[in-house]
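Nothing in this text is a laboratory measurement; each read-out follows from the coordinates by a stated rule. None of these values were measured; they are calculated from a predicted model. Counting neighbours? That spans all protein chains shown, and the Cβs are built from the backbone with ideal geometry, glycine included.
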Amino acid sequence: MNLAKARGALLTFSGALGVALVLIALIMLSLDKAPLAAGRRFLDGVFGTPSARADVVMAALPMLLCAAGLLLTFTAGLWNIGVEGQVTMGAIFATIIARTIPRDVSEWGILAALILPAELLLAMLGGALWAGLTALLKLRGGINEIFGGVALNFISVNILLSLVNGPWRVGTFPQTAPFASAALLPRHPELRLSPLAIAIALIAFGAVFMALRGTRFGLALRAIGRNAKSAGILGVRVERHILWAMIACGALAGLAGAFQVLFTRGRLLPNISGGIGFMGVLIVLLVGVRAAWVLPVALFVATVPVGSLKLATSLDSSVQIDAALGNVFQGALVLAVLIGGGIRARLAARRKERAEHG
């Protein structure tokens, strides 16, 4: 992306951010809240302490994994809305192993070291299978990936509910028992942080980044995204690349689901995905499918749920708001970015038309 395009994208995002902030401020004023005080409380809640910053980083990792996978499918022109179900299936598949691990694995020897890799690989398999099913519905059944993905999202949620309300339920509420420490991602001794999870997410994102920029696979996905028929005429195996893009995205979404159960929650619960699949979609839309922007924007988006929770639990009534207002902010920001991008595109088209006729 050249400097002019980067500057234009940054201006669009800055303007959209300003619009979203003004909207939230107006809503807060209508509720007799103090927007400036809430803003200071929000910033302190996400940056004020090492613990707060760790919360933001860990909240960003599943979003980063989903967004990385969606870069592949969006580049190929595929709206993988089913990513939310792929996260859920990843969480379920990771739980298959995690719930069976005993509290004491000291007698397992070297086998204990294989627990976490097995959980993560099984989670990736679950997400990949669910995404592959969406791809097959599109390629063999002629069902648009949006409709297929939405249907599979619904099915995955009901599978999850049937498990936590049925054979996997422990206790009064629909949930599994807390997983043994040997089944969880290792944590920093002082912060709610997992260095291993950070490393895995960054490696996965780096692999996607390099695949899109420096491989024939990435070039083929871009060709398919621009014109699938033309790509096929030029020798690109369109169906094969669509299938593999969906499978890779599903594997990364499944890994995000594993992070949810093996770190964030420590057990399987209803709504385990927490909407992070849709957050991945929002991130990719915000960056305009530009891989270089995904990491900083994922961190930015992760501040919203963390900071909103701090405001919701504040004892100061002048800044205490429902955490759902954070979702309003995210939605307004994406809408403003899309509108700004559309306006920029129309202005660029007019300038090009004038130059051609001038």
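Tabulated data for the structure shown
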read-out	value
Helical segments meeting 24 Å axial Cα length and Kyte-Doolittle 0.5 threshold in the chain (DSSP H)	3-30, 50-75, 115-139, 145-164, 195-214, 238-259, 294-312
Set of aspartates and glutamates near residue 138 by C-alpha distance (under 17 Å), chain-local residues within fewer than 8 positions excluded	239
Cα-centred dipole magnitude for the range 179-333, charges only on beta-carbon of K, R (+1) and D, E (-1), debye, nearest 20	660 debye
Positive-end extreme of charge dipole, the chain - chosen from 173, 315, 205 (charges on Cβ)	205
Peptides 256-264, 236-244 ordered by average Cβ neighbours within 10 Å, highest first	256-264, 236-244
Ranked packing of 47-55, 300-308, 68-76, most packed first, by mean Cβ within 10 Å	68-76, 300-308, 47-55
Cβ-defined net charge surrounding residue 68, 15 Å radius [Lys, Arg +1; Asp, Glu -1]	+2
Proxy reagent accessibility, fewest Cβ within 10 Å first, across 106, 162	106, 162
Inter-label distance for residue 198 and residue 22, nm, one decimal - labels placed 7 Å from Cα along Cα-to-Cβ	3.8 nm
Cα centroid of the range 188-218 to Cα centroid of the range 11-78, whole Å	21 Å
Other-chain or far-sequence residues with amide H under 5 Å of residue 143's (modelled H)	138
The chain: relative contact order in percent, alpha carbon pairs under 8 Å with at least 6 residues between	33 percent
Tensor-based shape of the chain (alpha-carbon gyration tensor, a/c under 1.5 rounded, otherwise prolate or oblate)	oblate
Shape call, the range 237-322: gyration tensor on alpha carbons, a/c limit 1.5	oblate
